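One structure is given here, and the rest of the page talks about it.
The values are calculated or read from the model by the stated rules, or taken from the named source; none is laboratory data. All values reported here derive from a predicted model rather than from experimental measurement. Note that each Cβ is placed from the backbone with ideal geometry, even for glycine, and that neighbours are counted across all protein chains shown.
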Amino acid sequence: MVTVAKGFVPVTLAITYLVPVGVGGHVKRQIAVYLTALGDRPEDIVIGAFDGATLQRLGQDLSGIAQQLFLHQQRHLTYPVLHYFHSVEPATSAPLRLVVLDEALTLIEAGIPDHVERPGRQLSTMRAALDAYLDIVGSAYITAAPDPPPPPGLASLREADIPTVDDAIYVKSIDDLRDRRRVLAGIVAHDGWAWSAVTKDSASE
(Lines give C-alpha, C1' and ligand atoms only; values in the text may rest on other atoms or scores of the structure.)
Protein backbone atom coordinates (compact mmCIF):
# COMPACT_ATOMS: atom_id res chain seq x y z
CA MET A 1 0.00 0.00 0.00
CA VAL A 2 2.89 2.33 0.73
CA THR A 3 4.32 1.64 -2.73
CA VAL A 4 0.97 2.28 -4.36
CA ALA A 5 0.58 5.52 -2.42
CA LYS A 6 4.05 6.67 -3.43
CA GLY A 7 3.14 6.13 -7.06
CA PHE A 8 -0.35 7.57 -6.79
CA VAL A 9 0.64 10.87 -5.17
CA PRO A 10 3.07 12.03 -7.94
CA VAL A 11 0.56 11.06 -10.64
CA THR A 12 -2.20 12.99 -8.87
CA LEU A 13 0.04 16.03 -8.46
CA ALA A 14 1.07 15.87 -12.10
CA ILE A 15 -2.53 15.74 -13.30
CA THR A 16 -3.50 18.53 -10.91
CA TYR A 17 -0.80 20.72 -12.48
CA LEU A 18 -1.09 19.69 -16.13
CA VAL A 19 -4.86 20.08 -16.53
CA PRO A 20 -4.91 23.82 -15.62
CA VAL A 21 -1.84 24.37 -17.79
CA GLY A 22 -3.62 22.75 -20.72
CA VAL A 23 -6.68 24.91 -20.11
CA GLY A 24 -4.49 27.99 -19.90
CA GLY A 25 -2.84 27.16 -23.21
CA HIS A 26 -6.25 26.72 -24.82
CA VAL A 27 -7.48 30.07 -23.47
CA LYS A 28 -4.32 31.75 -24.71
CA ARG A 29 -4.98 30.42 -28.21
CA GLN A 30 -8.67 31.36 -27.94
CA ILE A 31 -7.77 34.98 -27.13
CA ALA A 32 -5.53 35.09 -30.20
CA VAL A 33 -8.19 33.72 -32.54
CA TYR A 34 -10.78 36.17 -31.20
CA LEU A 35 -8.44 39.10 -31.71
CA THR A 36 -7.52 37.95 -35.21
CA ALA A 37 -11.21 38.08 -36.13
CA LEU A 38 -11.23 41.79 -35.24
CA GLY A 39 -8.56 42.57 -37.83
CA ASP A 40 -5.07 41.65 -39.02
CA ARG A 41 -3.62 45.14 -38.50
CA PRO A 42 -4.23 47.88 -35.93
CA GLU A 43 -5.78 49.98 -38.69
CA ASP A 44 -8.17 47.15 -39.61
CA ILE A 45 -9.45 46.91 -36.03
CA VAL A 46 -10.18 50.65 -35.94
CA ILE A 47 -11.81 50.68 -39.36
CA GLY A 48 -13.99 47.72 -38.37
CA ALA A 49 -15.09 49.54 -35.22
CA PHE A 50 -16.21 52.68 -37.07
CA ASP A 51 -19.95 52.81 -37.82
CA GLY A 52 -19.83 56.01 -39.85
CA ALA A 53 -19.91 58.32 -36.85
CA THR A 54 -18.61 56.53 -33.73
CA LEU A 55 -16.33 53.71 -32.60
CA GLN A 56 -18.95 52.12 -30.37
CA ARG A 57 -18.85 48.80 -32.25
CA LEU A 58 -15.64 47.98 -30.41
CA GLY A 59 -17.16 48.20 -26.93
CA GLN A 60 -18.69 44.75 -26.63
CA ASP A 61 -15.62 43.05 -28.11
CA LEU A 62 -13.28 44.79 -25.67
CA SER A 63 -15.37 43.81 -22.64
CA GLY A 64 -15.08 40.12 -23.46
CA ILE A 65 -11.39 40.29 -24.32
CA ALA A 66 -10.48 42.20 -21.16
CA GLN A 67 -12.18 39.64 -18.95
CA GLN A 68 -10.37 36.75 -20.64
CA LEU A 69 -7.05 38.58 -20.46
CA PHE A 70 -7.39 39.27 -16.72
CA LEU A 71 -8.06 35.55 -16.15
CA HIS A 72 -5.14 34.60 -18.38
CA GLN A 73 -2.82 36.85 -16.37
CA GLN A 74 -3.73 35.04 -13.15
CA ARG A 75 -3.05 31.68 -14.76
CA HIS A 76 0.21 33.12 -16.10
CA LEU A 77 1.31 34.03 -12.56
CA THR A 78 0.31 30.62 -11.18
CA TYR A 79 1.74 28.62 -14.09
CA PRO A 80 4.68 30.58 -15.58
CA VAL A 81 5.28 27.75 -18.06
CA LEU A 82 2.39 29.22 -20.09
CA HIS A 83 4.75 31.92 -21.25
CA TYR A 84 6.63 29.31 -23.28
CA PHE A 85 3.59 28.16 -25.23
CA HIS A 86 4.33 29.52 -28.70
CA SER A 87 2.31 29.33 -31.91
CA VAL A 88 3.78 28.99 -35.38
CA GLU A 89 0.80 30.78 -36.91
CA PRO A 90 0.27 34.56 -36.55
CA ALA A 91 -3.49 34.07 -36.17
CA THR A 92 -3.04 31.94 -33.03
CA SER A 93 -0.16 33.82 -31.38
CA ALA A 94 -1.61 35.60 -28.34
CA PRO A 95 1.41 37.87 -27.71
CA LEU A 96 1.37 39.03 -31.32
CA ARG A 97 -2.38 39.63 -31.42
CA LEU A 98 -2.31 41.51 -28.10
CA VAL A 99 0.37 43.81 -29.50
CA VAL A 100 -1.80 44.45 -32.56
CA LEU A 101 -4.70 45.31 -30.25
CA ASP A 102 -2.54 47.63 -28.14
CA GLU A 103 -1.45 49.45 -31.29
CA ALA A 104 -5.10 49.76 -32.35
CA LEU A 105 -5.97 51.38 -29.02
CA THR A 106 -3.02 53.73 -29.44
CA LEU A 107 -4.30 54.61 -32.88
CA ILE A 108 -7.71 55.46 -31.42
CA GLU A 109 -6.36 57.46 -28.49
CA ALA A 110 -3.59 59.31 -30.35
CA GLY A 111 -4.92 59.48 -33.89
CA ILE A 112 -8.66 60.12 -33.64
CA PRO A 113 -10.04 63.42 -32.27
CA ASP A 114 -12.01 63.43 -29.03
CA HIS A 115 -15.29 64.44 -30.68
CA VAL A 116 -15.56 60.97 -32.25
CA GLU A 117 -17.56 58.98 -29.71
CA ARG A 118 -15.90 55.83 -28.41
CA PRO A 119 -16.63 53.19 -25.74
CA GLY A 120 -14.70 55.01 -23.02
CA ARG A 121 -15.14 52.60 -20.13
CA GLN A 122 -14.38 49.55 -22.24
CA LEU A 123 -11.30 51.24 -23.69
CA SER A 124 -9.95 52.12 -20.24
CA THR A 125 -10.66 48.60 -18.94
CA MET A 126 -8.88 47.07 -21.90
CA ARG A 127 -5.92 49.41 -21.42
CA ALA A 128 -5.75 48.35 -17.76
CA ALA A 129 -5.77 44.68 -18.76
CA LEU A 130 -3.01 45.28 -21.31
CA ASP A 131 -1.01 47.31 -18.77
CA ALA A 132 -1.17 44.40 -16.34
CA TYR A 133 -0.14 41.97 -19.08
CA LEU A 134 2.84 44.15 -20.06
CA ASP A 135 3.89 44.40 -16.42
CA ILE A 136 3.85 40.62 -16.05
CA VAL A 137 5.67 39.65 -19.23
CA GLY A 138 7.78 42.79 -19.52
CA SER A 139 9.28 42.62 -16.05
CA ALA A 140 9.95 38.87 -16.04
CA TYR A 141 10.64 37.76 -19.59
CA ILE A 142 11.03 40.56 -22.12
CA THR A 143 13.91 42.83 -23.07
CA ALA A 144 12.60 46.04 -24.59
CA ALA A 145 13.79 46.88 -28.10
CA PRO A 146 16.41 49.65 -28.36
CA ASP A 147 14.03 51.82 -30.37
CA PRO A 148 10.25 51.93 -30.77
CA PRO A 149 8.82 50.44 -33.96
CA PRO A 150 7.19 52.54 -36.71
CA PRO A 151 3.74 53.68 -35.54
CA PRO A 152 0.53 52.62 -37.29
CA GLY A 153 -0.36 55.09 -40.04
CA LEU A 154 -3.33 57.38 -40.40
CA ALA A 155 -3.65 57.00 -44.20
CA SER A 156 -5.90 53.92 -44.07
CA LEU A 157 -8.22 55.63 -41.60
CA ARG A 158 -8.49 58.72 -43.77
CA GLU A 159 -9.28 56.56 -46.80
CA ALA A 160 -12.12 55.04 -44.76
CA ASP A 161 -13.44 58.57 -43.98
CA ILE A 162 -12.56 58.30 -40.30
CA PRO A 163 -11.67 61.68 -38.75
CA THR A 164 -8.02 61.95 -37.65
CA VAL A 165 -5.86 64.49 -35.88
CA ASP A 166 -3.10 66.47 -37.58
CA ASP A 167 0.10 64.55 -38.24
CA ALA A 168 2.15 66.72 -35.87
CA ILE A 169 -0.24 66.04 -32.97
CA TYR A 170 -0.20 62.33 -33.74
CA VAL A 171 3.59 62.15 -33.84
CA LYS A 172 3.82 63.92 -30.47
CA SER A 173 1.30 61.57 -28.87
CA ILE A 174 3.11 58.53 -30.26
CA ASP A 175 6.44 59.82 -28.96
CA ASP A 176 4.96 60.00 -25.45
CA LEU A 177 4.41 56.21 -25.71
CA ARG A 178 8.01 55.50 -26.74
CA ASP A 179 8.90 53.24 -23.78
CA ARG A 180 5.65 51.29 -23.98
CA ARG A 181 6.13 50.63 -27.68
CA ARG A 182 9.73 49.51 -27.12
CA VAL A 183 8.32 46.81 -24.82
CA LEU A 184 5.75 45.87 -27.47
CA ALA A 185 8.53 45.45 -30.04
CA GLY A 186 10.41 43.28 -27.53
CA ILE A 187 7.35 41.05 -27.04
CA VAL A 188 6.96 40.56 -30.79
CA ALA A 189 10.65 39.69 -31.23
CA HIS A 190 10.66 37.39 -28.19
CA ASP A 191 7.75 35.43 -29.64
CA GLY A 192 9.71 34.91 -32.85
CA TRP A 193 8.09 37.47 -35.14
CA ALA A 194 9.26 40.49 -37.10
CA TRP A 195 7.34 43.75 -36.68
CA SER A 196 5.93 43.17 -40.15
CA ALA A 197 3.65 40.56 -38.57
CA VAL A 198 1.95 43.48 -36.79
CA THR A 199 1.81 45.86 -39.74
CA LYS A 200 1.51 43.31 -42.56
CA ASP A 201 4.14 45.42 -44.30
CA SER A 202 7.17 43.69 -45.84
CA ALA A 203 9.12 46.94 -45.42
CA SER A 204 9.07 46.35 -41.65
CA GLU A 205 11.16 43.21 -41.92
**Request:** Return a yes/no flag: does the range 90-106 have any residue that is farther than 16 Å from residue 32 by Cβ, at pLDDT 95 or above, out of contact with any strand residue (DSSP E or B) (no Cβ under 6 Å at 6 or more places or on another chain) and surrounded by 14 or more Cβ atoms within 10 Å (Cβ to Cβ).
**Result:** yes
**Criterion: in a helix (DSSP H, G or I) and farther than 21 Å from residue 187 by Cα - qualifying residue of 127, 121** = 121
**Complete:** Listed by first then second residue, the pairs whose first member lies in the range 88-99 and is over 13 Å from residue 194 (Cβ atoms), whose partner is of a type in the set (Phe, Trp, Tyr), with beta carbons under 7 Å and at least 6 positions apart or on separate chains, are 98/133
**Asked** Does residue 173 meet the test of being farther than 16 Å from residue 42 by Cα and either surrounded by fewer than 19 Cβ atoms within 10 Å (Cβ to Cβ) or at pLDDT 95 or above (or both)?
**Response** yes
**Item:** Residue satisfying condition, being under 16 Å from the mean Cα position of the chain (by Cα) and free of Cβ contacts under 8 Å to residues at least 24 places away in the same chain, within set 104, 194, 189
**Value:** 194
**Item:** Search result, residues across the range 145-186 that are under 16 Å from residue 49 (Cα atoms) and in a helix (DSSP H, G or I)
**Value:** 156, 157, 158, 159
**Fill in**
So, first residue farther than 14 Å from residue 100 by Cα in the range 142-156, second residue loosely packed, with under 15 Cβ neighbours inside 10 Å, Cβ within less than 6 Å, six or more apart or across chains; the pairs are 148/178
**Filtered residue count, the range 86-100, keeping only those that are over 12 Å from residue 31 (Cβ atoms) and assigned to a loop (DSSP other than H, G, I, E, B)** = 3
